[in-house]
1. So which of 269, 289 ends up being touching a strand residue (DSSP E or B) at 6+ places or on another chain (Cβ under 8 Å) and at negative phi?
2. Condition (residue is touching a Pro at 6+ places or on another chain (Cβ under 9 Å), touching a residue at least 12 places away in the same chain (Cβ under 8 Å) and not assigned by TED's automatic domain parsing to the domain that holds residue 297) applied to the stretch 205-217: is it met by at least one residue?
3. Looking at 321, 372 in this structure, which one is assigned by TED's automatic domain parsing to the domain that holds residue 396, touching a residue at least 24 places away in the same chain (Cβ under 8 Å), of a type in the set (Asp, Glu) and out of contact with any helix residue (DSSP H, G or I) (no Cβ under 6 Å at 6 or more places or on another chain)?
4. On the basis of being touching a residue at least 24 places away in the same chain (Cβ under 8 Å), farther than 20 Å from residue 188 by Cα and within 18 Å of the chain's Cα centre (by Cα), does residue 99 make the cut?
5. Run down 307, 296, 289 and say which single residue is in a helix (DSSP H, G or I), closer than 18 Å to residue 258 by Cα and of a type in the set (A, V, I, L, M).
6. Search the stretch 67-92 for residues being in contact with a helix residue (DSSP H, G or I) (Cβ under 6 Å, 6 or more places away or on another chain) and more than 16 Å from residue 55 (Cα to Cα), and hand back the single one that is modelled with the highest pLDDT.
7. Given the residues 353, 306, 386, which is the only one that is closer than 30 Å to residue 270 by Cβ and modelled with pLDDT of 95 or more?
Amino acid sequence: MPAEREPPDAAPPGGSEVLSDSLSLLPGDEARPLASCVATLSAEDWSLMPVIDWLFGPGCRIADLGDLLAGLGRALTEAGAPVLRLRLGLWAIHPQQAAYSYNWYRGAARSEALNIGHGIFQSPDFIGSPAEVMRDTGRAVRYRLDKLDPKRDHSVLFSVRDIGGTDYLGIPMWTFAGRMDSLFVATDRPEGFTDADVGKFQLLARMLLPVVEALSQHQLSISILTTYLGSRTGKRVLEGRIRRGDGERIDAALWYCDLRNFTAMTETVEEYAMLELMNDYFAHVYESVTVYGGEVLRFIGDAMLIVFPTTDARSPQAACDAALSAACDAVDRLPSLNARLRRRGLPPIQFGIGLHEGSVLYGNVGAADRLDFTVMGPAVNRTARIETLTKRLEVPVLMSEEFAALLPPGAEVEPLGAYEVAGVAEPIAVCKPTSLD
């Protein structure tokens, strides 16, 4: 588990005093000139040099932090390092998690990944842990696992001891932003770590930091782009397709949904409560569409534009069937959502869904220094106009005649006739799913 605070300007109170029978604080390594650490590279019974060669060679070509830690563990083992377990803890910038960590055990092919939610500082998993001690002191920590006190030492130390651990080392890794990520190393060697071992691992942490930081920033970029732009747009940006005017054509089943009485609710519902309600609405729709392979392309005020793309693996018929199944699921689950909203003092919601099938241009538009992705084409306009008819006809889901014709044989739909809508020259023929009657 990483910790976050500014690096201390001076040693914390107590210096290297023993805080308990098991724990001691180690002198900080950040201020040591790198040249003074070279003597530790090959000291005593194992050499750090082949590990560093691996780290700045094959290690730099690994694109996943868990794989990096597993490769590092294997490199250490091959070099003869007394390593039983490695743990890497890193801060995250993510709406759903505060940090993430990776655990590797000697002999394992892969690392175990763990996402750590917000509120961790109030959790028993953190309180009293080595990570908390490192956060509070800004210093490396060392625990002799044969001297643990059940009343004072954290449960994570006992779990490492239970798998044969004898010595446990925690090393802070200060990032360029002033955050403290962390590397933890455990050994099962009966006599524990030597002073030379500790020096090598502290030097390794310093050399590991830039590799980890570069890779974590890359993974952070992917996470942020996916969260804010969606997987399709995020992938385009990472591929470098960011010039104004870049575009691609998407053949898809199209979904447009809009919240009923949104303007009236904004006048009567407190702002933060309205934000909470909107998030519940968006999450509700998102859960339905993602189960059936839909992608949210745009949030447009209180509306959502969603595509179920046609691919080599999914025909137009399958895409339309998935879109209709998702729409029916969202409507079927709405009473449950509204019951939860009422219990929290929020008004119930209703929304309409328009479905169509066609080809759209997904393109990069904007000014030179401020770009966005948008969707254009007659099919988008028709889908939105079909949604407006759901209110006029008092049905929650409507589809175009073209969409209905692509549904599997036996699909139960009822034609409702053709209607004039704004911006479309010819009336649009629509159908409704009879399963929602």
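1. Answer to the selection: 289.
2. yes
3. 321
4. Spelling it out, residue 99 is indeed touching a residue at least 24 places away in the same chain (Cβ under 8 Å), farther than 20 Å from residue 188 by Cα and within 18 Å of the chain's Cα centre (by Cα).
5. Only one candidate passes the filter, namely 289.
6. Top of the filtered list is 83.
7. 353
Residue-wise test of (1) more than 19 Å from the chain's Cα centre (by Cα); (2) farther than 19 Å from residue 384 by Cα.
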position: 278; (1), (2): yes, yes
position: 285; (1), (2): yes, no
position: 294; (1), (2): no, no
position: 305; (1), (2): yes, no
position: 310; (1), (2): yes, yes
position: 313; (1), (2): yes, yes
position: 316; (1), (2): yes, yes
position: 320; (1), (2): yes, no
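The values are calculated or read from the model by the stated rules, or taken from the named source; none is laboratory data. No experiment lies behind these values; they were computed from the predicted model shown. For neighbour counting, all protein chains shown are included, and Cβ atoms are generated from backbone atoms with ideal geometry for every residue, glycine included.
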